[in-house]
Each structure stands twice: as C-alpha cells, then as structure tokens.
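Structure, as structure tokens:
The values are calculated or read from the model by the stated rules, or taken from the named source; none is laboratory data. Treat the numbers as computed from the prediction; the structure is a model and nothing was measured. Every residue, glycine as well, gets a Cβ built from its backbone with ideal geometry; the counts of neighbours run over all protein chains shown.
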Amino acid sequence: MLERRNTEPGDAELYPIRTVSTLTGVNPITLRAWERRYGLVKPTRTASGHRVYTRADIDTVHRILALMENGIAIGRVRDALSGKAVPAPVVEKGPWAEQRARMASAIAQFDENRLEEVYGELLALHPIERVTREVLLPLLADLGERWRTHAGGIAEEHFFAVYLRNKLGARIHHRNRSAAGPKLLVACLPGEHHEVGLLLFALAAHEKGYRLVLFGANMPLAGLGYAARRAQADAIVLSGSIEPETALLEQELPRLVRTAGVPVFVGGRSSVSRRDEIVAAGAGPLGSDIAAGLRRLGETLSQPAR
C-alpha cells in the first residue's frame, strides 16, 4: 500500500520519498541528487526534516524521465522543463557506436553469452587499449546515467561490472607474471564500490609494463603505507568516481602521503572534481583519461628522487 502524508489540514496530498521512488522507478539517491545538484525537483520538508512530494512533483519526475529518454542530458533538463530551447542531442554513428549498442542490448537482457560474443569479436580485431577507450569506458558512462534514471539501471551496471571484473581480473592475473616494470599498489578510494574503472586502469598499466598489486573496492587508506613497504612498491594509485569525504582529503590522504614512502596518485572523476584538495594533500591527480594518467605517472616515476 502506498503511503501518503499530510502535514496540515488543507494541504495537498504529500508523498514520502520511498513512495515517489516506487511510483516513478527513480531511486531515492537519484531524487536527492536531482534536487541538490540540478534543482529539478524541490520537495517540501516536514517538521522532522523528511522530504515529501506533491503530485505535481511526481509529474515533474515523469517529465524528466521522458526528456532523458529522448536524449536530453540531465544538465539540460532544467532548461527544457522551463520551455527554453535545447539543442537536439547528437546521435553518434559509426562502427564503435554500433558495437556499444550491441553490448548495451546484451546487458539490458542480462545475456552473458551475447555479451561474451561481442566482447570476443572486438578483442579479436582490436587491441584491448582501443576497445577500452572506444567501447568499455563510454559504455560504463552510459550505464552510470541509466543507474540514475532507470529502474533496471542498477541491476544492469552490477551485471556488467561483475562480467568485466571476471574478464579483466583473469587477464591481469595471467599477464602479471611476466611484467618487469615499476610496481604499483592499486586500490579504490574508501567508499568507492565500483572497481571496473580501477581494473581498466590496471590493465592499461600492465600493457605499459607495470607490475600490479590489486586491492579492489573500498580500501581503507590506513593499511596502504604498510602494504607499500612490504611489497616494495614504487607508487600507490587510488581510483574513485565518488565525491570523497572532507576528512579523507584533509586528514587520511595527507597522512598516507607522509607515511607511504612512495608517490601517491589519485585517478578517476574524483581526481578531477577535487583536484585542488588532492594536490594540497601532496598526492598527484591523474584525471579521468587513462592514457593521459599513465603518461603523468610515467613522467613522475622516471624523475630521480630528491
């Protein structure tokens, strides 16, 4: 039974966030992000501070979903809702777009056999670096948007993440035995539970000759300095797509930089959105472009120690 709530007599019917999520298929995290980041839906607050939504708010959520289904980026939805002209979305064409569409279709059907078929065809024809750049990374970004707007988006992203984790993990493990370059400790930031970006970076780093020690998702920073010394690592690379906590950037990261004894780097979207804080902590931001990040990493590690 759907819960409705009234704050005072005469008020319009108000719905709690979990009911709005059920009615629209948009998860509560996304609804709160649309409110804070984009100002798209502005719920009323109860005396206890809980969000409650009107029927008009629910209709707005459905309009947002319809606009996004038609290719309007979330950052332009507010203009579209207010009646401003919004440029028509650019529909990408070409063989790479076609391959991404094939993989996206297999993911939407949770069909691992079809997904394996497309992925295998791509690797038979192209180097893994190009497949990563042209297909995997753009597809992950698309799935991230679906996660925010579609009821099945979370399941799709998890399905693809597990598939890639298995494929890339096996590839990295097999190839790591013959690598002879600098050794990297690679881990996700605390609170980062999506490790596919980390694995794609690790695979690209291995192709450049680096040796890897992988720690995966949601790794506390406190243990990495000890691990770096024991493993005789040359650098620590952290990956994140989240907005890191202030304490992480102001206390934990500087402490790791001071105690690790090797350079510390941060890559992914976190290193773009919080670049200044990362630099202030003494770490090196690598950005979200894997190839550019590896160049920056190589340049730093090739410099003689001072």
(request) Just give me the residues in the stretch 279-298 being part of a helix (DSSP H, G or I) and farther than 19 Å from Tyr210 by Cα, in sequence order. (result) Val279, Ala280
(request) Any chance you could count how many residues in the stretch 253-278 are under 15 Å from the mean Cα position of the chain (by Cα) and not in a helix (DSSP H, G or I)? (result) 4
(request) Tally the residues that are assigned to a helix (DSSP H, G or I), over 16 Å from Leu122 (Cβ atoms) and either modelled with pLDDT under 70 or of a type in the set (A, V, I, L, M, F, W, C) (or both), restricting the search to the stretch 136-171. (result) 15
(request) Report the residue count in the stretch 67-101 for those that are surrounded by 10 or more Cβ atoms within 10 Å (Cβ to Cβ), part of a helix (DSSP H, G or I) and at pLDDT 70 or above. (result) 15
